[in-house]
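Input: a single structure, listed below in structure tokens.
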Amino acid sequence: MPPSGGGCDFLIDPEQPAPPERVIWHADVNRFTVLIGRVPARFTAAAPIELRSLPGLSIIEKGEDGLHAVMGERETIVHLRIEPDAERWGSILLPFEAPNRTRARTAQWLMARLGGETREPSPESLWDTMSRRSHLHILLRLLDGARVGVPLREMAAVLVDPACAAITSGDWVDSAERKRLRRWLVEAARLVEGGYRTLLGGP
């Protein structure tokens, strides 16, 4: 565990036994999660949010902090957390957090989606693209290779370009491929040491 402020970098301490209940994502970390609250007082004309009427609602689980749901899939996916102990839901909560633009943008998209005003992909789906997943997969393979002592040039031949295997030792030292992989190694190490929280939270 890296010494990052004296705490544990994991949301759930991996040294502790797994809890009997299913671990649900943390809305305070995943800023793509839209927080659904109760209808504000005296907003009698406000339409309530009926969970059963939400399109593509595929998962609902109950946690200590409320109900958790996933609406849509792929390009329309959005995570929801519904506040507990509310008889009627009809508002979207925006905590005073820094930065809050990701949650605010996702909430605005949800309102437009429910109102039939947009067919654009959700902010969460745009962040979690296939190219981004591919890059993260490369980072994991690169880090695994480095930990078992695979030479950087051999990994470049597998992960970047097979022609790297033919580069001479002298040319490899100043090659763009070597510099790229060294940058990627730094990025991979940063993610392992807790940077994944930023990745999860969004831009």
Being of a type in the set (D, E, K, R), modelled with pLDDT of 65 or more and in a helix (DSSP H, G or I) is the filter here; which residues of region 170-203 pass it? D171, E177, R178, K179, R180, R182, R183, E187, R190, E193
Residue count, region 165-186 (criterion: of a type in the set (D, E) and surrounded by 15 or more Cβ atoms within 10 Å (Cβ to Cβ)): 1
How many of the residues in region 97-143 are over 30 Å from E187 (Cβ atoms) and either outside the structural domain of R52 (by TED's automatic domain parsing) or more than 20 Å from the chain's Cα centre (by Cα) (or both)? 9
A112 being outside any loop (DSSP other than H, G, I, E, B) and either closer than 24 Å to P40 by Cβ or modelled with pLDDT of 90 or more (or both): yes
Among the residues of region 149-164, is there at least one that is of a type in the set (K, R), under 28 Å from T33 (Cβ atoms), buried (at least 16 other Cβ atoms within 10 Å of the Cβ) and at pLDDT 85 or above? no
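Taking the criterion of being among the polar types (S, T, N, Q), within 24 Å of the chain's Cα centre (by Cα) and surrounded by 12 or more Cβ atoms within 10 Å (Cβ to Cβ), would at least one residue in region 69-88 satisfy it? Reasoning before the result, please.
Keep residues of region 69-88 that are among the polar types (S, T, N, Q), which gives 76.
Subsequent filtering for residues that are within 24 Å of the chain's Cα centre (by Cα) retains 76.
Applying the additional criterion that residues be surrounded by 12 or more Cβ atoms within 10 Å (Cβ to Cβ) yields 76.
Yes, because at least one residue in region 69-88 is among the polar types (S, T, N, Q), within 24 Å of the chain's Cα centre (by Cα) and surrounded by 12 or more Cβ atoms within 10 Å (Cβ to Cβ).
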I need the full set of residues from region 165-191 which are over 28 Å from the mean Cα position of the chain (by Cα) and either among the aromatic types (F, W, Y) or on the phi > 0 side of the Ramachandran plot (or both), in order please. W172
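For region 130-144, which residues satisfy the criterion of being loosely packed, with under 12 Cβ neighbours inside 10 Å and at pLDDT below 80?
Kept after step one, since they are loosely packed, with under 12 Cβ neighbours inside 10 Å, are these residues of region 130-144: 130-131, 133-134, 137.
Those that are loosely packed, with under 12 Cβ neighbours inside 10 Å and at pLDDT below 80: M130, S131, R133.
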Exclusive hit being assigned to a strand (DSSP E or B) and hydroxyl-bearing (S, T, Y), set S125, S91: S91
When residues of region 1-53 are limited to those that are at pLDDT below 85 and outside any loop (DSSP other than H, G, I, E, B), the one surrounded by the fewest Cβ atoms within 10 Å (Cβ to Cβ): R52
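Can you tell me which residue within region 166-195, out of those that are touching a residue at least 40 places away in the same chain (Cβ under 8 Å) and either in contact with a His (Cβ under 8 Å, 6 or more places away or on another chain) or not charged (D, E, K, R) (or both), is farthest from L140 (Cα to Cα)? Show your work before the answer.
Filtering region 166-195 down to residues touching a residue at least 40 places away in the same chain (Cβ under 8 Å) leaves 184-185, 187-189, 191-194.
If we keep only those that are either in contact with a His (Cβ under 8 Å, 6 or more places away or on another chain) or not charged (D, E, K, R) (or both) as well, we get 184-185, 188-189, 191-192, 194.
Values: W184: 10, L185: 9, A188: 7, A189: 9, L191: 10, V192: 9, G194: 14 Å.
The qualifying residue farthest from L140 (Cα to Cα) is G194.
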Which is touching a strand residue (DSSP E or B) at 6+ places or on another chain (Cβ under 7 Å) and among the acidic types (D, E), of E124, E87, E117? E124
Among (1) more than 25 Å from the chain's Cα centre (by Cα); (2) touching a residue at least 12 places away in the same chain (Cβ under 8 Å), P162 falls short only on (2)
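Of all residues in region 54-78 being assigned to a strand (DSSP E or B) and under 17 Å from T106 (Cα atoms), which is modelled with the lowest pLDDT? Working first, answer last.
Quick first cut of region 54-78, residues assigned to a strand (DSSP E or B) only: 57-63, 66-71, 78.
Filter once more, so that each one left must be under 17 Å from T106 (Cα atoms): 57, 68-71, 78.
Details: L57: 85, H68: 89, A69: 89, V70: 90, M71: 90, V78: 91.
The residue in question is L57.
The values are calculated or read from the model by the stated rules, or taken from the named source; none is laboratory data. Model, not experiment: these values are computed from the prediction. Every residue, glycine as well, gets a Cβ built from its backbone with ideal geometry; the counts of neighbours run over all protein chains shown.
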